[in-house]
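Taking it in order: structure first as structure tokens, then the write-up.
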Ligand code: ASP
């Protein structure tokens with residue numbers, strides 16, 4: 001049976017070519033190069049965005065465009081491939097994972113470290129793997145295909161800007177490994193009930209992440225939180241969620257949470273989780289009102305806050321949803 005996919009092309013290195021100013025996206029190039037993947041089993045349409053961006057420029061408005069394009073054509077296609085720059089690919093994959101609620105089809109995000117026009121480009125294999133994954137009828141989640149791995153989108157991180165192994169999901173197993181055969185790890189695939197109810201993001205949503213460092217920065221973060229200009233904040237603390245009991249920081253967290261803002265505590269360490277109570281130094285942040293984000297990635301934490309703060313929810317419903325695993329984004333420890 002022929003599978004029918006929609007490829008959304010947003011920009012990134014993969015479709016760039018040499019221009020007098022250096023590498024830049026060239027409209028029309030990628031759709032032309034993709035033609036070789038059409039076959040009796042696979043047919044696809046390409047939606048090239050009018051403004052092809054370097055993904056460092058991505059905003060919630062761009063995410064809304066992708067969400068709207070998938071939602072508007074949801075019934076017409078068996079799956080979707082999003083072609084995207086690598087820099088913020090994990091943010092976009094996470095935002096799509098939380099926003100495309102009740103997703104019942106594959107959405108596979110991919111790109112490359114070297115453009116397709118480069119003789120050693122990794123783009124060809126990434127595209128082939130993404131297209132194959134997007135043809136799997138029982139893959140009902142947002143994934144990233146990169147360097148012969150299929151990763152859960154809301155677990156993936158860009159961890160290498162120098163090699164082809166650009167992405168990994170440090171706290172979750174891959175959904176597939178591509179060798180001579182595709183080794184689908186179906187036991188790890190998400191099974192969630194529909195119906196499909198995509199969320200449109202608030203484009204003015206104010207979510208920011210703060211990286212704790214020893215010294216004066218800690219109190220400054222507290223001051224910023226106390227100003228209550230944000231809808232949600234991610235605090236990247238030490239180790240298993242530890243932070244200094246610095247009065248300014250704790251007062252800021254307490255003021256912010258009392259005003260209904262979501263403050264989520266995640267670890268700056270790539271592998272492992274926030275575990276309140278493992279160390280006494282994890283308690284003050286929790287007592288001040290910060291929610292433990294378990295092993296959420298920073299990308300997933302920002303995206304989850306962005307989506308939850310875009311929905312019509314009460315502060316209490318938001319806090320509860322933040323602490324639940326909605327789309328396999330975190331591993332909750334038993335109480
Ligand atoms: N700066 C590029 C981007 O994220 C990098 C890439 O695509 O690999 O759009």
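The values are calculated or read from the model by the stated rules, or taken from the named source; none is laboratory data. Keep in mind it's a predicted model, so treat the numbers as computed, not measured. Positions of Cβ are backbone-derived with ideal geometry, glycine not excepted, and every protein chain shown enters the neighbour counts.
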Within region 79-88, does at least one residue satisfy the condition of being farther than 15 Å from residue 12 by Cβ, more than 16 Å from the ligand (Cβ to nearest atom) and modelled with pLDDT of 95 or more?
yes
By residue number, the members of region 87-112 that are in a loop (DSSP other than H, G, I, E, B) and crowded, with 24+ Cβ neighbours inside 10 Å are 103, 106, 111, 112
Looking at region 211-231, can you tell me whether even one residue there is modelled with pLDDT of 95 or more, in contact with a helix residue (DSSP H, G or I) (Cβ under 8 Å, 6 or more places away or on another chain), surrounded by fewer than 17 Cβ atoms within 10 Å (Cβ to Cβ) and part of a loop (DSSP other than H, G, I, E, B)?
no
One residue is enough: does region 265-272 have a residue meeting the conditions surrounded by fewer than 19 Cβ atoms within 10 Å (Cβ to Cβ) and more than 25 Å from residue 169 (Cα to Cα)?
no
Can you tell me which residue is surrounded by the fewest Cβ atoms within 10 Å (Cβ to Cβ) among those in region 312-335 that are in a loop (DSSP other than H, G, I, E, B) and in contact with a helix residue (DSSP H, G or I) (Cβ under 8 Å, 6 or more places away or on another chain)?
313
Can residue 292 be described as touching a residue at least 40 places away in the same chain (Cβ under 8 Å) and in contact with a strand residue (DSSP E or B) (Cβ under 6 Å, 6 or more places away or on another chain)?
yes
Just checking, how many residues over region 8-53 are away from the ligand (no atom under 16 Å from the Cβ) and assigned to a strand (DSSP E or B)?
7
Take the conditions in contact with a strand residue (DSSP E or B) (Cβ under 9 Å, 6 or more places away or on another chain), over 29 Å from residue 169 (Cβ atoms) and surrounded by fewer than 18 Cβ atoms within 10 Å (Cβ to Cβ) and apply them to residue 72. Does it pass?
no
I need the full set of residues from region 141-172 which are in contact with a strand residue (DSSP E or B) (Cβ under 9 Å, 6 or more places away or on another chain) and assigned to a loop (DSSP other than H, G, I, E, B), in order please.
141, 147, 148, 156, 159, 160, 164, 165, 166, 169, 170, 172
